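The values are calculated or read from the model by the stated rules, or taken from the named source; none is laboratory data. Predicted, not measured: the structure shown is a model, and the values here were computed from it. We place every Cβ from the backbone using ideal geometry, glycine too, and count neighbours over all the protein chains shown. Heavy atoms of the whole protein, side chains included, go into the accessibility calculation; ligands, DNA and RNA do not. Shrake-Rupley method; radii C 1.70, N 1.55, O 1.52, S 1.80 Å.
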Amino acid sequence: MTQLILFTEIENEICILLARRINPDKDFYLKLNGPGGKAIHEKNENIDVCVIRECFEEAEIVLRNEKLLKIFEETCYSTKEWRAEPCLQKEAKYIVTLAIYLHPLEEPPKHTEPHTLGPWDLYKIKDLLKHRNELIPILEENIELIDGKIKTYGQDVLELPINMQKLEEIKIKLEKQSQRTQETFNFLNDIDLEIPEEEIPEIVDKQFPVLALNFGKLSSYEIQTLIKYKKKIQESIRPLRRIEHKIQTIEKSYKGLKYLSIFDKAERKIIAQKFGENPTIAELSKDDTILHKFRNTIFEFEIHKSSTNKLTYLKLRLSKDQTQINGITYGKQTWEFFHKNYSKLPLIRNSRQYRIRPHCAIL
């Protein structure tokens, strides 16, 4: 069984990536753990390949072999399968091996298993040292070791032995890879293959759906071509993202100012900061100043509904004719009427009068 510690540094604080176990039917419910899991012994999966596969399945992060460092391994007799329940050899039914690995966090994780794990989040090592009971047992017992090994990671990873036979195998694989066409390799068979980016061919757009459909059966080589393809896409859409950011800024201003026309210009920023983007009449009525201001004001209004005939929002603007009205007049009413009948509907102003005013935008 493996546990992976993906670590990074934020504002001079060492942080590690963890998620909470949320399946009540599994061991260590509500405890924090990193990517990892059980080796597939039916396929003779070794422990190094196990941690690489589990990390990809649980967070869609591809690990680089030259950066993967094993810092802990322990084998014990156990009374339970896939769980370390130490016992005497004569009482044992299983032999369980536990291992902890380190690898720097180099890309954001994906929340791929929401049925068993909560969202991935970064936790400060110094906080985990104080609240170790939040961790699964193997991490709880070894959190000091993890802290120390992260601090010496740079030196330790440089001292990993270089296997010349393995390098020769990779060279042979590279020669074969350059000649292959549609042959699919099992992801686990060549997981340790790491090719310099300049030697990875670029795929064309029409190849992507084919590779995407083979998710879970991709070779390391194919994954690297996809990573290079991702970088190419990112470069092409970077200018569009700048445009998107500008539009989002305008959109936020638009959403944040829709209802402000019923207030004086000097009041708008203060009101928006206090009540948010789309306040209700009930929320605004909690402020005695607003209540007094609009007590005898006449508004033109519209009540909007969804396609299922559900009331969705209230469109409101000051009426040019402030003559007092009696009873119900279509399209015009008082603040008291809205508070009594539509107090929980979000407010939205009439779009025909709207103009963006950047100096009073609430982002």
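Annotations
- Kirkwood Rh, angstrom, region 2-159 [1 / mean 1/r, Cα pairs]: 16.2 Å
- Over 21 Å apart at the Cα level, from the set Lys67/Lys149; Lys67/Lys232; Lys246/Lys274, are Lys67/Lys232; Lys246/Lys274.
- Largest to smallest accessible area among Asp156, Asp288 [probe 1.4 Å]: Asp288, Asp156
- You can think of it this way: the chain between Lys38 and Ile237 has 67.8 nm of extra reach, that is 0.36 nm per residue less the Cα-Cα gap.
- Estimated at 0.36 nm per residue, the fully extended path between Ile303 and Asp287 surpasses their Cα-Cα distance by 3.4 nm.
- Paramagnetic label zone (point 7 Å from Cα along Cα-to-C-beta, Thr116; backbone N under 19 Å) in region 41-70: 41-63
- Low-density loop positions, trypsin sites (Lys or Arg not before Pro), region 101-156 - DSSP coil, at most 16 other Cβ in 10 Å: Lys110
- Portion, in percent, of the accessible area of region 2-159 that falls on carbon or sulfur, probe 1.4 Å: 48 percent
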